[in-house]
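This is the structure I want to talk about, given as structure tokens.
The values are calculated or read from the model by the stated rules, or taken from the named source; none is laboratory data. Small disclaimer: the values here were computed from a predicted structure and weren't measured. Backbone-built Cβ (ideal geometry, glycine too); neighbour counts: all protein chains shown.
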Amino acid sequence: MYVIDIISTLFMAIGAFFMITGALGLLRLPDFYTRLHATGKCDTLGEVLIIAGCMIYEGWSLLTIKLFLVAAFYLFAGPTATHAIMKAAYVTGVKPWKKGDDRV
Amino acid sequence: MIESFLIIGIIIAGTILLCSYRAVYGPGIFNRIAAANVIGTKAIVLLVVTGYIFERPHFIDIALMYSILNFIGTIIIAKYLERGELCTS
């Protein structure tokens, strides 16, 4: 039981690290596309890792299957939503940031 | 074990505060949509962790529902901003 606690805490700590990285990228990066580059990957990985930690803590039960459904659905839905926002911005005419421009 | 869930929950709430800056002050509508999508993702995880903190893990049902709502809302807003209307025949 003690080893399972340590392993699930390790998974959740790695997921929290990725979530902090995504939030800092959303704040600090200079452009809309680069911000989505940070958040789209870090949030998917962080969410899936934290829910995997909860699955390891839970063991085998019905809640594990529900947690797996949340993680699996977000593994499809998150990149799709990011791609939809990015395509909408590209079609509407948001210019990408080049080196030397001002921060938008 | 409750303490580690509590620390993870506090970290996620702090990142929600950081992202809400971009949702409020972000230049243009697209930065705000991206920040709202990120906040929705973090809220799903915060619901799951909160269920384990209060020892009531059936919050996961609400998290499953909210993930579907977040995805559909983001897709609809992106398509509306891309086309200018929703139902094109």
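How about the range A:2-23: which of its residues are touching a helix residue (DSSP H, G or I) at 6+ places or on another chain (Cβ under 9 Å) and either outside any helix (DSSP H, G or I) or of a type in the set (Phe, Trp, Tyr) (or both)?
Passing the criteria: A:PHE11, A:PHE17, A:PHE18.
Those residues that are closer than 20 Å to B:ILE72 by Cβ and among the polar types (S, T, N, Q), I need them from the range B:1-46; list them, please.
If the condition is that a residue be closer than 20 Å to B:ILE72 by Cβ and among the polar types (S, T, N, Q), then B:ASN37, B:THR41 are the ones that fit.
Return only the number of the condition from (1) of a type in the set (A, V, I, L, M, F, W, C); (2) without any contact (Cβ under 8 Å) to a residue 24 or more places away in the chain; (3) part of a helix (DSSP H, G or I) that B:PHE30 does not satisfy.
Going through (1) of a type in the set (A, V, I, L, M, F, W, C); (2) without any contact (Cβ under 8 Å) to a residue 24 or more places away in the chain; (3) part of a helix (DSSP H, G or I) one by one, B:PHE30 breaks only (2).
Scan A:LEU26, A:LEU63 and give me the residue that is more than 28 Å from A:VAL3 (Cα to Cα), modelled with pLDDT under 90, aliphatic (A, V, I, L, M) and part of a helix (DSSP H, G or I).
None of the others qualify; the one that does is A:LEU26.
Looking at the range A:65-103, which of its residues are in contact (Cβ under 8 Å) with a residue 12 or more places away in the chain, more than 10 Å from every other protein chain (Cβ to nearest Cβ) and surrounded by 12 or more Cβ atoms within 10 Å (Cβ to Cβ)?
A:PHE68, A:LEU75, A:PRO79, A:TRP97
Could you list, in sequence order, all residues of the range B:56-82 that are more than 9 Å from chain A (Cβ to nearest Cβ), closer than 22 Å to B:ALA35 by Cβ and among the aromatic types (Phe, Trp, Tyr)?
B:TYR66
Turning to a different aspect of this structure: Name the residue that is nearest to the other protein chains (Cβ to nearest Cβ), counting only residues in the range A:14-55 that are without any contact (Cβ under 8 Å) to a residue 24 or more places away in the chain and of a type in the set (Gly, Ala, Ser).
A:ALA23
Would you mind finding the one in B:ILE29, B:ILE44, B:ILE7, B:ILE39 that is under 16 Å from A:MET19 (Cβ atoms) and touching a Leu at 6+ places or on another chain (Cβ under 9 Å)?
Testing whether each residue is under 16 Å from A:MET19 (Cβ atoms) and touching a Leu at 6+ places or on another chain (Cβ under 9 Å) leaves just B:ILE44.
Test A:PHE68 against the stated conditions and say whether it is on the phi < 0 side of the Ramachandran plot, out of contact with any Pro (no Cβ under 7 Å at 6 or more places or on another chain), at pLDDT below 90 and among the aromatic types (Phe, Trp, Tyr).
So A:PHE68 fails the test.
With (1) surrounded by fewer than 21 Cβ atoms within 10 Å (Cβ to Cβ); (2) at pLDDT below 90; (3) not aromatic (Phe, Trp, Tyr) as the list, and B:ILE76 as the residue in question, which single condition is left unmet?
Of the numbered conditions (1) surrounded by fewer than 21 Cβ atoms within 10 Å (Cβ to Cβ); (2) at pLDDT below 90; (3) not aromatic (Phe, Trp, Tyr), the odd one out for B:ILE76 is (2).
Residues of the range B:16-43 being more than 7 Å from chain A (Cβ to nearest Cβ) and among the hydrophobic types (A, V, I, L, M, F, W, C), which ones?
Selection gives B:ILE16, B:LEU17, B:ALA23, B:VAL24, B:ILE29, B:ALA36, B:ILE39, B:ALA43.
Of all residues being more than 8 Å from every other protein chain (Cβ to nearest Cβ) and within 12 Å of the chain's Cα centre (by Cα) in the range B:44-55, which is surrounded by the fewest Cβ atoms within 10 Å (Cβ to Cβ)? Just the residue, please.
Among them, the one singled out is B:LEU47.
Search the range B:9-23 for residues that are touching a residue at least 40 places away in the same chain (Cβ under 8 Å) and pair each with any residue that is hydrophobic (A, V, I, L, M, F, W, C) and assigned to a helix (DSSP H, G or I) when their beta-carbon atoms are under 7 Å apart and the residues are at least 6 apart or on different chains.
That search, which allows pairs on different chains as well, returns B:GLY9/B:LEU46; B:GLY9/B:VAL49; B:GLY9/B:ILE53.
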